[in-house]
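The next block holds one structure in the form of structure tokens; read it before the comments.
The values are calculated or read from the model by the stated rules, or taken from the named source; none is laboratory data. These numbers come from a predicted model, not from an experiment. When we count neighbours, we look across all protein chains shown, and the Cβ atoms used for this are built from the backbone with ideal geometry, even at glycine. Note: accessible area is taken over every heavy atom of the protein model, side chains too, but ligands, DNA and RNA are not part of it. Shrake-Rupley method; radii C 1.70, N 1.55, O 1.52, S 1.80 Å.
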Amino acid sequence: MITYLNGRLVEKTPTVLVIECGGIGYEVKISLNTFSAIGGDESIKIFTQFVVREDAQILYGFMTIEEREMFNYLVSVSGIGPNTAILMLSGLSPSEIVQAITSEDVDTIKGVKGIGTKTAQRVIVDLKDKMLKFEVSDENVSSSNNRLRFEALTALVSLGFDKKSAEKAINKVMNEQATVELLIKDALKVL
């Protein structure tokens with residue numbers, strides 16, 4: 001219904017934004033990742049997801065489309081509501097959630113407040129196939145090291161290497177002066 005808001009940032013707290021658009025102030029619930037990504041600019045564009053419950057109508061906001069997509073995947077799992085999904089996105093970035101699900105890391109998912117072992121396992125079972133198709137875009141990866149890792153990992157996986165093995169190899173050879181090409185070559189030596 002409401003895909004994004006583009007307006008003036010009126011209020012900013014770690015959990016809620018108030019954005020004025022066309023003379024109307026919209027209250028938007030956000031994750032800590034979104035809070036951290038919002039700069040001091042007065043003008044803001046935030047992607048949203050409108051959730052209607054019996055007792056409330058709530059607008060959730062995300063700095064990136066990728067984070068909103070992850071929110072929608074998470075709430076599709078039985079036992080994960082919007083507030084739990086926002087908690088997950090506050091503690092883990094979308095790429096960390098993808099990694100935890102694809103590597104079946106129950107402990108990482110269970111580390112989020114309100115998620116037990118059974119729910120963490122359900123998240124993995126329900127979303128594993130979808131996460132293999134979920135792309136972490138370059139522009140949403142914050143640091144250049146993360147971008148290098150992502151590009152190198154993508155290249156190694158497309159060459160047919162196992163994702164977990166490729167990640168371990170990249171972590172072994174990663175250094176400050178690395179370029180994508182050098183990182184791939186060095187990782188291939190380790191593999």
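With V10, V77, V18 as the choices, which residue is out of contact with any Phe, Trp or Tyr (no Cβ under 6 Å at 6 or more places or on another chain), aliphatic (A, V, I, L, M) and open to solvent by 40 Å² or more (accessible area, probe 1.4 Å)? Reasoning before the result, please.
Details: V77 fails: open to solvent by 40 Å² or more (accessible area, probe 1.4 Å); V18 fails: open to solvent by 40 Å² or more (accessible area, probe 1.4 Å).
On inspection, the qualifying residue turns out to be V10.
What number goes with the only condition from (1) part of a helix (DSSP H, G or I); (2) under 18 Å from T15 (Cβ atoms); (3) hydrophobic (A, V, I, L, M, F, W, C) that I44 does not pass?
Among (1) part of a helix (DSSP H, G or I); (2) under 18 Å from T15 (Cβ atoms); (3) hydrophobic (A, V, I, L, M, F, W, C), the lone unmet condition for I44 is (1).
Working carefully through the options S78, S31, S93, find the one that is within 30 Å of S165 (Cβ to Cβ) and small (G, A, S). Walk me through how you get there before you give the answer.
Numbers: S78 fails: within 30 Å of S165 (Cβ to Cβ); S31 fails: within 30 Å of S165 (Cβ to Cβ).
The conditions single out S93.
Looking at (1) more than 13 Å from Q99 (Cβ to Cβ); (2) touching a helix residue (DSSP H, G or I) at 6+ places or on another chain (Cβ under 6 Å); (3) basic (K, R), can you tell me which one R149 breaks?
With (1) more than 13 Å from Q99 (Cβ to Cβ); (2) touching a helix residue (DSSP H, G or I) at 6+ places or on another chain (Cβ under 6 Å); (3) basic (K, R) applied to R149, the lone miss is (1).
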